[in-house]
Amino acid sequence: MSNSLPGPDSLLALAFPSDPQVSPDGGKVAFVLARVEEEDPQKTDAEFARPRYKTHLWLSDGGPARQLTHSEGRDSSPRWSPDGETLAFVRTVNGRGGQLYLLPLGGGEARRVTGFKGAVQDVQFSPDGRFLAFFSGADDEDKRDERGEARVITRPRYRFNGRDWLPERPARLWRYDIGADTVTEWHTPDTEINSYTWQPDSDGVLFVSSADELAATQGQQEVWQLPLEGQPTQLTHWNSGIGALIPHPDGGRFVLVGRPEGKGSPENSHLFLFEADGSWRRLDEGHDHGVGNMVGGDCHVGALPEKPVWLNEHTLLFSSTVRGSCGLFRVTLDGEVTPHDHDAQTVIPSFTARSGGVALIRERADRFPEVELNGQQVTNLHERLTFPARPPERVTFQNDLGEGEGWVLLPGGEAKVPSILSIHGGPHTDYGHAFMHEFQLFAARGYGVCYSNPRGSAGYGQAWVDDIHGRWGGPDADDLLNFFDRCLEAHPRLDGNRSAVMGGSYGGFMTNWITGHTTRFQAAITDRSICNLLSFGGTSDIGLRFWEDELGLNFHRRADALRLWDMSPLQYVENVKTPTLIVHSVLDHRCPIEQAEQWYAALTLHGVPVRFVRFPEENHELSRAGRPDRRIKRLEEYLGWLEEWL
């Protein structure tokens, strides 16, 4: 390939928006912008660049956004005081845990509030403006690895993706009295608090947690009420997953985002209204799409809030994934769902709303994510792209449930080009109209990228999701290969004799599965993959429940073990002939690196051309939010493998 073509280092020019927070009057937005800079511009090493994300707060009143903070640290999590005069935020300096700061917007320097050794997280003002609540482990430290000490495990959960070792005791909930300038430890939970929200009268919070550690591993969560003084009271017997809590303005009711007892991870999340007497009903009945964004993109660095918001006492605003898009919808207390801001060709991965104002991030397959305030774009980040983005073309396929869809992203010109089949993770996520730098780069380098939503994907109704329950590698694999055939038919420029299959997480599982069942592809790239369902059950941070949810099986039961082995790509590794690049992160606890090690060893023993790339310190999110230099190296490895074998 010509050196004039764009390369993975095009990532360095980009800036990534996150956490759009609308002001109390609805007229301003504060957000975070992550840019890539040298770690220390005064100490550059010509042979070893150290690009890192630097984050600052930005502000807009509807015009072009301006930078609000300029510190040498990393600023994040902007939160408006109820009077709109102060921004609370978290600042990380010299790599230490981020601390709580207050910035007066009328002028003056930011003031540090906390000085813990550990980080401050999830900062929230009380509605009356008297308090700030937040999580922190305070001065707890774990230096056992540093000291070479033994680590004794007695809890079912002890490691988690993105966090590595879990602390011996959960983070506590703290309360900062703004008027008195005092920080108080408010609640010390026995089991980790997953989320919380202030009640409208500011007399306390509702929070989500589990009864004990074993219940937490099974995703069995409950809602608790914690007053300003006193102990928490359990409000629900939900015994299932809860994603968010939204108190009703009357203070007596609340909505939770989740799925009822007995419904595992394949079930779409929905809105459930809880009355003061504990009774509940599904609010979005008839809306056969999940709450929240499930469309994957690789330009999401930072927090992307999408918690539903009451527009008034009768109407709730929420986001929902519909086919390959995600938009905003309204639902009334009567259960009527109507579009609020939904474009079938775009994705809104994040939003907040107050006083009639809405701040959000919007993106398109050929348009980089931008921040908007009340319909007005306030950033122009797309201009930072160093090469033109191309629009994809839709391709459909048929199966027993009806029509499925996917897209082809083709390079310019008329020449025949190598083809790539890319498979998303999840499996209950989505490809669609989000911006993918990776796909755009591949197209700019002369590859045709085919990507779709086979059965099991989100966005197409519950029946589409449920059709692969208990049978990974069946209907989903059929859909993927059927879709790829339709792409080759619809676009003769795609060269089926120079083709690669690739994917990450579940997409890595499927890549391994496909190469164990067909030799039609000339190259494979399997990223953060799964090859052995049995060992995954005992090593993944979600392994104790995941196969139960997805397949109705579990690794610790003898009767299930042979069926799990039959669904493991490792069972079919003797059939693999496809040259394979394996990419994995050492601290990936979702799909542990032992999965990659087993696949590498088996392919090596069978004489299959194989290359194994391991990334230190990174976790399951490398491709989307990993350190910039490592993201670049990953893409270099991808392109090198494609160029060698196609």
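The numbers here are math on the coordinates, done by the rules we state, and not lab data. Keep in mind that this is a model prediction, so the values were computed, not measured. Reconstructed Cβ throughout: ideal geometry from the backbone, glycine too, with neighbour counts over all protein chains shown.
The share of alpha-carbon pairs in segment 240-279 lying farther apart than 15 Å comes to 41%.
Calculate the tail of P(r) for the chain: the fraction of all Cα-Cα distances greater than 50 Å, expressed in %. Write down the numbers at each step before the final one.
On the way: 17556 of 208335 pairs.
When all Cα pairs of the chain are counted, 8 percent exceed 50 Å.
Note on segment 44-157: with charges restricted to the Cβ of Lys and Arg (+1) and Asp and Glu (-1), its dipole about the Cα centre is near 280 debye.
Computed FRET efficiency, Cβ-Cβ of SER202 and GLU168, R0 30 Å: what is it to the nearest 0.05?
Values: r = 32 Å, r/R0 = 1.08.
About 0.40, to the nearest 0.05.
Shown here: segment 381-483, whose C-alpha atoms stretch 44, 32, 19 Å along the first, second and third principal axes, sorted largest to smallest.
Would you mind classifying segment 512-622 by shape? Square roots of the alpha carbon gyration tensor eigenvalues, ordered a ≥ b ≥ c; an a/c under 1.5 is rounded, otherwise it is prolate if a/b is larger than b/c and oblate if not. It is oblate, given that a/c is not under 1.5 and a/b is not larger than b/c. One chain, two ends: ASP128 and GLU285. Fully extended at 0.36 nm per residue, the span grows by 53.1 nm beyond their Cα-Cα distance.
Note on TRP565/ASN399: beta-carbon distance plugged into 1/(1 + (r/R0)^6) with R0 of 35 Å gives a FRET efficiency of 0.85. Taken along the Cα-to-beta-carbon direction at a fixed 7 Å, the label points for ASN380 and ARG111 span 3.8 nm. If only the Cβ of Lys and Arg carry +1 and only the Cβ of Asp and Glu carry -1, the dipole of the chain around its Cα centre is close to 1220 debye. With just the Cα atoms defining each centre, how far is segment 336-361 from segment 448-525? Give it in Å. Spelled out, the Cα-based centre of one part sits 31 Å from the other.
If R0 is 22 Å, what FRET efficiency do you get for GLU414 and ALA490 from their C-beta distance, rounded to 0.05? Don't jump to the answer; show the numbers that get you there.
Working: r = 15 Å, r/R0 = 0.70.
So the FRET efficiency works out to roughly 0.90.
For n ≥ 4 DSSP H runs only, could you compute -39500 (n - 2.57) per run for the chain, divide by its residues and tell me the 222 nm figure to the nearest 500?
Details: 12 runs with 108 residues, N = 646.
One gets -4500 deg cm²/dmol as the mean residue ellipticity at 222 nm.
How would you classify segment 1-147 from its alpha-carbon gyration tensor, with a ≥ b ≥ c the square roots of the eigenvalues: rounded for a/c under 1.5, else prolate if a/b is greater than b/c, otherwise oblate? Judged from the Cα gyration tensor, segment 1-147 comes out oblate (a/c at least 1.5, b/c at or above a/b). Projecting the Cα positions of PHE329, CYS299, GLY230 onto the charge dipole of segment 212-341 (unit charges on Cβ atoms of Lys, Arg, Asp and Glu, taken about the Cα centre) puts CYS299 furthest along the positive direction.
Extending 7 Å from Cα along the Cβ direction at ASP145 and again at HIS469 yields two label points whose distance is 3.8 nm. Here's how it looks for VAL205: its modeled amide H is under 5 Å from those of GLN199, LEU226, which are all 5 or more places away or on a different chain. For the chain, the share of DSSP beta bridges that are antiparallel, to the nearest 5, is 80%. For the Cα atoms of the chain, what angle does the longest principal axis make with the long axis of helix 593-605, in degrees from 0 to 90, nearest 10? Taking Cα atoms only, the helix is inclined about 10 degrees.
Stretched out straight at 0.36 nm per residue, the stretch from GLN67 to GLN231 would grow longer than its current Cα-Cα span by 54.8 nm.
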